[in-house]
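Shown next, in C-alpha cells, is the structure this report addresses.
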Amino acid sequence: MSIRAHKRSLTLAATAALVAPFVLAAAVTADTVTAAPAAAHGSVTDPPTRNYGCLERWGSDHQNPEMAELDPMCWGAWQHDPNAMWNWNGLYRENVGGNHEAVIPNGQLCSGGRTQSPRYDYMDTPGPWIAKDVPQRFHLTLTDQARHGADYLRIYVSEPGFDPTTEALGWDDVDLVKETDPYPSQGTYETDVDLSGRSGRAVLYTIWQASHLDQPYYLCSDINIGVAAAEPGAAAEPGAANGAVGTTATFTGRLVQLAS
Ligand SMILES: [Cu+2]
C-alpha cells in the first residue's frame, strides 16, 4: 500500500472524525476512483476485531468519559492511539513470505507483531474486551474496501484454557480451525466457522493473506461461544455466558444507529 494512500486515509479520518465508519468508507472509495485503486484495506468486521469493535461502539462518541467504565479496553485503545480505530482496516505487515509464526512474536499476535508501532500495540493488551456472542457455528465476514482478493483466510481459535482478560495471545494459545480457498477481488469474504464442542470466552484469530501483494493482516476478534441464539437445529448453551451479555446488549442501540 502506498504512503500516499495512507496519508489520504488519515486526512479523511481527521476531517470526518465524527462520521460513522460506513460513511467514511464511502468517502474513501469515492475519493480514490480516479487515484490509487487500493487506498483502503480491510478487516474482519463480524465478529468485529478489537479495534473495529471500538470504532463501531464509540466512533461517534469517542471522548465520552463513560467509556472508561462501560468499555475499559476501548477506552484504553482510544487513549493509546485513536488512529488504531480510524485505521481499523490497516493492521497488516508486508513481505512476511507466509512465515507468520516466525515473524509475529508470541504475545503480539493481535498487533501483527506491533506493526506500525505504536499504533496498534494496545490490541495485545489483556483485559475485558467486549466479546460478541456467537453460536458454535457462525458466519465470519471480512470487509475488504480495497478489493485486494485473498489467497486464504486462516482462522484460529484460542484454546479452552486461554483467558484473554489476563493473557496476551501467543501461537501456543491458538488452534487452527480452517484455511479457506482463495477469494477473487470483491468487497467481502465470508466463511462459516465451526467451533462445535467449544463454549465461553475465546479469541478468534484470522490471518487474511491479501492477493495483490504479500500483505497479510492479523486480526483478533473477541467472542463468547454458544451464548447467542443457536442456528436452527442446534441447541444453545445458556450456561456458557460469563457476564458480558448484558454489556453487549447495552450497545445494541448504538450499533443500529451507526449502521444506518
Ligand atoms: Cu491494502
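The values are calculated or read from the model by the stated rules, or taken from the named source; none is laboratory data. None of the values given here were measured: they were computed from a predicted structure. Using ideal geometry, Cβ is built from the backbone for each residue, glycine included, and neighbour counts are taken over all protein chains shown.
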*Within the bounds of the range 112-130, is there any residue that is small (Gly, Ala, Ser), under 15 Å from the mean Cα position of the chain (by Cα) and under 14 Å from residue 52 (Cα atoms)?*
no
*Select from the range 110-129 the residues that are closer than 20 Å to residue 209 by Cβ and more than 16 Å from the ligand (Cβ to nearest atom) and list them in ascending order.*
110, 111, 113, 114, 123
*Taking interchain pairs and intrachain pairs at least six residues apart, which have beta carbon atoms under 6 angstrom, with the first residue in the range 88-99 and touching a residue at least 40 places away in the same chain (Cβ under 8 Å) and closer than 21 Å to residue 54 by Cα and the second aliphatic (A, V, I, L, M) and within 13 Å of the ligand (Cβ to nearest atom)?*
89/40
_Counted residues, the range 93-109 - those being of a type in the set (A, V, I, L, M) and within 18 Å of the chain's Cα centre (by Cα)_ = 2
*Before we move on, is residue 111 in contact with a helix residue (DSSP H, G or I) (Cβ under 6 Å, 6 or more places away or on another chain) and small (Gly, Ala, Ser)?*
yes
*Count - residues of the range 161-209 that are in a loop (DSSP other than H, G, I, E, B) and within 22 Å of residue 41 (Cα to Cα)*: 7
_Near pairs, Cβ below 6 angstrom, 6+ apart or cross-chain, from the range 130-156 (away from the ligand (no atom under 15 Å from the Cβ)) to any residue that is assigned to a loop (DSSP other than H, G, I, E, B) and of a type in the set (A, V, I, L, M)_ = 131/244; 133/227; 133/228; 134/228; 135/228; 135/230; 136/195
*Here are some conditions: (1) under 26 Å from residue 86 (Cα atoms); (2) surrounded by 20 or more Cβ atoms within 10 Å (Cβ to Cβ). Residue 201 meets all but one. Which one does it not meet?*
(1)
*asked:* Restricting to the range 160-198, give me the number of residues that are more than 30 Å from residue 147 (Cα to Cα) and surrounded by 15 or more Cβ atoms within 10 Å (Cβ to Cβ).
replied: 5
*Given the conditions (1) more than 16 Å from the ligand (Cβ to nearest atom); (2) under 22 Å from residue 151 (Cβ atoms), which single one is not true for residue 107?*
(2)
*Index of the failed condition, residue 217 passing every other in (1) buried (at least 22 other Cβ atoms within 10 Å of the Cβ); (2) part of a loop (DSSP other than H, G, I, E, B)*: (2)
*asked:* Could you go through the range 89-98 and let me know if any residue there is acidic (Asp, Glu) and either on the phi > 0 side of the Ramachandran plot or within 16 Å of the ligand (Cβ to nearest atom) (or both).
replied: yes
*Scanning for something modelled with pLDDT of 95 or more, at positive phi and in contact with a helix residue (DSSP H, G or I) (Cβ under 7 Å, 6 or more places away or on another chain), does the range 223-233 turn up at least one residue?*
no
*asked:* If I ask for residues that are modelled with pLDDT under 95, within 16 Å of the ligand (Cβ to nearest atom) and part of a helix (DSSP H, G or I), which ones from the range 28-78 would you list?
replied: 28, 29, 31
*Would you be able to tell me the number of residues in the range 180-205 that are within 16 Å of the ligand (Cβ to nearest atom) and either of a type in the set (Phe, Trp, Tyr) or touching a Cys at 6+ places or on another chain (Cβ under 8 Å) (or both)?*
2
